[in-house]
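Down below is the structure, laid out as structure tokens.
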Amino acid sequence: MINSLRGMNDILSEDYERFTYFINTATEIAQKYGFHFIETPLLEETALFKRSVGESSDIVGKEMYQFIDKGENDVCLRPEGTAGVVRAFVQKKLDKAGGIHRFFYHGSMFRYERPQKGRLRQFHQFGVESFGVDSVYEDATMIMMVADILGACGIGYRLQLNSLGDSNCMPQYRDSLVSFIQSCEDKICEDCQRRKSTNPIRVLDCKNPTCRDLYTNAPKLINNLCSTCQDDFDTLKKILDNNDIAYEIDTNLVRGLDYYSKTAFEFVSDNIGSQSAIAGGGRYDRLVEFLDGRPTPAVGFAMGIERLMELIVMPETAREGYYIGAMDEEAVDLVVSLAQKKRKTDKTTIDYKAKNLKNHLKAADKANAEFCCVIGENELKEASIWVKDLKNKTESTIALKDF
Ligand code: HAM
């Protein structure tokens, strides 16, 4: 038997209902916020992710589904959605057009990670990206949109917040962090030794307990922000306070992708185990320029749909439409034609086999139909159909011309 690859799941039946319910809910909310759908390819040039997510990140360094295609192009399956949207934004010359452009997307992402609960190799994200708004109010709006989507799905969360500074204050902070790392270099893990020269900020995200202990004494970025970044961060907190969005400041929140500056945030759930991040995002004002576009401020987020599916509180689904069945072989053709007509306006399921009434009622109940409609020998003779309203528990026989 051939099975799906490790960390790659099928989505069907009840899972599929949750999946589509989430996408529909999130889409409706994103549209209310003025965002428009964008679809970008699953396969992109590897260079796109090297230049955006960053060569020093685990995603690019260890987790890419990368290969040379038949035309000798170095390509990979997208590990995330932002880089492709920025590429499309620049390719369509929207950076040159100016103005504000807001997009949302959903689809598969691929990361060759070690699979475990909540961590897949093919997973789905719902994400949004906003271009052209150089205001921390847009950052707050992003956070409020995530909160709205989670609220609409009945999902509780904790919001973690940090500021990563900008090209003004970050380099100075990085230097002081490197000096700190050098002071305890002999005690830190191998990964941190490497990070010290490739991307020192990432040491703050290390999961090794010894490193974590040591870094409690490291200088904090939040105490080293320039006045613009500090003002923006204070404004962000004020907007969230005004709108009753609770948050925790996490000075070690650096995110696993290199393109962020200023606002960085993560929504976590305490109810899904160790892979607790359900959404993450932030501002990335330099990325459009890194990908050869005109400098454009930008901010966005993505939510991990598989992790959310476990948490969604589904609304009760009301009975809907018709179930039509035959109790006599002779009635099957008629039942097929009736169903075909009914489907023009209503959800209609059908059984091609003649069965007794009890079995039809069972099948109608399973299909969650509102009406169970059956034609037997008598109904055939009288050109009628027997109908049971499964909501109100009433029964009637109706002339076919009135059905
Ligand atoms: P990210 O934090 O890498 O950000 O991913 C966003 C979310 O995707 C995570 O919070 C998590 O819920 C889900 N996720 C990530 N990896 C996996 C996995 N292996 N299995 C299951 N779920 C996973 C980004 O991807 C950025 N592009 C977000 C963004 C958009 N920033 C600005 N705009």
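Assorted remarks:
- Residue pairs meeting the criteria (Cβ under 7 Å; at least 6 apart or on separate chains; first farther than 14 Å from residue 141 by Cα, in the stretch 229-255; second part of a loop (DSSP other than H, G, I, E, B) and of a type in the set (Lys, Arg)): 251/220
- Restricting 296, 317, 345 to those that are over 15 Å from the mean Cα position of the chain (by Cα) and within 16 Å of the ligand (Cβ to nearest atom) reduces the list to 296.
- Identity of the residue in the stretch 270-293, more than 19 Å from the chain's Cα centre (by Cα) and touching a residue at least 40 places away in the same chain (Cβ under 8 Å), that ends up farthest from the ligand (Cβ to nearest atom): 292
- Scanning the stretch 134-189 for residues that are of a type in the set (Lys, Arg) and not assigned by TED's automatic domain parsing to the domain that holds residue 283 yields 174, 187.
- Complete set of residues in the stretch 209-252 that are within 28 Å of the chain's Cα centre (by Cα), assigned to a loop (DSSP other than H, G, I, E, B) and within 27 Å of residue 56 (Cβ to Cβ): 250, 251, 252
- All told, residue 374 meets the bar of being touching a Leu at 6+ places or on another chain (Cβ under 9 Å), more than 30 Å from residue 109 (Cβ to Cβ) and surrounded by 13 or more Cβ atoms within 10 Å (Cβ to Cβ).
- Residue 119 charged (D, E, K, R), over 18 Å from residue 83 (Cβ atoms), within 9 Å of the ligand (Cβ to nearest atom) and in contact (Cβ under 8 Å) with a residue 40 or more places away in the chain: yes
- Residues that are away from the ligand (no atom under 16 Å from the Cβ) and assigned to a helix (DSSP H, G or I), drawn from the stretch 67-93: 91
- Any chance residue 395 is touching a residue at least 24 places away in the same chain (Cβ under 8 Å), at negative phi and not in a helix (DSSP H, G or I): no
- Within the option set 299, 254, being among the hydrophobic types (A, V, I, L, M, F, W, C), within 19 Å of residue 232 (Cβ to Cβ) and at pLDDT below 95 holds for one residue only, 254.
The values are calculated or read from the model by the stated rules, or taken from the named source; none is laboratory data. Remember, predicted model here, so these are calculated numbers, not experimental data. Cβ coordinates were reconstructed from backbone atoms using ideal geometry, including for glycine residues, and neighbour counts include every protein chain displayed.
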